[in-house]
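The values are calculated or read from the model by the stated rules, or taken from the named source; none is laboratory data. The structure presented is a predicted model; accordingly, all values stated were derived computationally and were not measured. Positions of Cβ are backbone-derived with ideal geometry, glycine not excepted, and every protein chain shown enters the neighbour counts.
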Amino acid sequence: MADYIPHIPVLLDASVEFLITNRSGIYIDATLGSGGHSTEILKNLNDDALLLGVDQDYEAHEAAQEFLSKDKRFRPVKGNFGYLSTLIPDKYHGKIAGILFDLGISTHQIKDPARGFSFQHDGPLDMRMGDLSGVSAYEVVNEYDYEKLRDIIYHYGEERLSRQIAAEIIKNRPIESTLDLRRVIESVLYGRYIIKSVARVFQAIRIEVNRELEVLKSALSQSMELLMPGGRIVAISYHSLEDRIIKNFFRSGNFEGNIEKDFYGNAIQPLKLISRQIITPSDEEIKRNPAARSAKLRVAEKAGEE
Ligand SMILES: C[S@@+](CC[C@H](N)C(=O)[O-])C[C@H]1O[C@@H](n2cnc3c(N)ncnc32)[C@H](O)[C@@H]1O
């Protein structure tokens, strides 16, 4: 494992303040990472509270384990939050006071060239966050057909030159490394925003490799079974596709964002919005931690009587 590069937690105070409604409650940090949020959550909890720290990344667990494992209130859980209700023991279902999602990848993951997430460093085309099964970036780049590649770049990267980029990737196969892929993408780009487009294509491939949107939807749906009435979901997202999923779900309990009505015409809303406005980092936070610049925080509470 490369030297562990700690991650600066984003929107730390606001997210923890919104999350904790009962200092003796049971909480889930669904994206443990370097444990920055978990450490702050634990500072705000009583001795009889419990925090379950989930991450699918083996290196995140090794790093967080070192300092959090000494705290009796903390329990690490290794796995993909797409299977959240299976990962969390049955005895806690319906009893969770809050779940935090701080989505995306950690500084350590992006800065370690061997993980293949970065277009700034040369590395293998990997991008898998969890156990090393499943499709890697190499397979997406070198084996997907033109239509599939184009659609991923268009839908997950929101990149308008998706057709040209997909065609160029196919023409240059096999593409072996992150910098080779960057060169191929750059060869069809022009204008002032080349780096932004490269970042969008890398983002698209990462979303496909980790099935990030599907997994987020599963996790949000399963959160409803885990939360107690009044329990909260605090979600920090970093791109518009994730934010849209969260926004729709918080508003309506489904991913289309359609508020259903009961027989009497009353809106059925399984969640109550706690923050009506999106919370974003201050200029000062972005200056201190540029990785926070696209962060958006939303908070909702499971409806019903406690
Ligand atoms: C932005 S980092 C979290 C940083 C953390 N809040 C901190 O303060 O150190 C996101 C973490 O979520 C993990 N992650 C992303 N998707 C996941 C998933 N589907 N299941 C489990 N963990 C996931 C990544 O491995 C990464 O460690």
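Odds and ends about this structure:
- Of the residues making up region 78-111, those that are β-branched (Val, Ile, Thr) and at pLDDT 95 or above are THR86, ILE88, ILE96, ILE99.
- Members of region 126-141 that are outside any helix (DSSP H, G or I), at pLDDT 95 or above and buried (at least 22 other Cβ atoms within 10 Å of the Cβ): MET127
- When GLN56, GLN109 are checked against the criterion of being closer than 20 Å to SER294 by Cα and crowded, with 19+ Cβ neighbours inside 10 Å, a single residue qualifies: GLN109.
- ASP47 acidic (Asp, Glu) and within 8 Å of the ligand (Cβ to nearest atom): no
- Residue-level check: of (1) assigned by TED's automatic domain parsing to the domain that holds ASN248; (2) surrounded by 20 or more Cβ atoms within 10 Å (Cβ to Cβ), SER162 misses just (1).
- Within region 86-122, being touching a His at 6+ places or on another chain (Cβ under 7 Å) and of a type in the set (Gly, Ala, Ser) holds for one residue alone: SER106.
- Members of region 1-44 found to be charged (D, E, K, R) and within 12 Å of the ligand (Cβ to nearest atom), listed by number: ASP29, GLU40
- Cross-chain or 6+ apart pairs with Cβ under 7 Å, region 32-48 first and within 15 Å of ARG75 (Cβ to Cβ) and of a type outside the set (Val, Ile, Thr), then modelled with pLDDT of 95 or more and in a helix (DSSP H, G or I): LEU32/SER38
- If the condition is being modelled with pLDDT under 95 and within 20 Å of ILE96 (Cβ to Cβ), then region 274-302 contributes only SER275.
- Subset of region 71-126 [within 14 Å of the ligand (Cβ to nearest atom), polar (S, T, N, Q) and either under 20 Å from LEU19 (Cα atoms) or in contact (Cβ under 8 Å) with a residue 24 or more places away in the chain (or both)]: ASN80, SER85, SER106, THR107, GLN109
- Annotation note: of LEU216, LEU220, the sole residue that is within 16 Å of the ligand (Cβ to nearest atom), touching a Ser or Thr at 6+ places or on another chain (Cβ under 9 Å), under 30 Å from GLY98 (Cβ atoms) and among the hydrophobic types (A, V, I, L, M, F, W, C) is LEU216.
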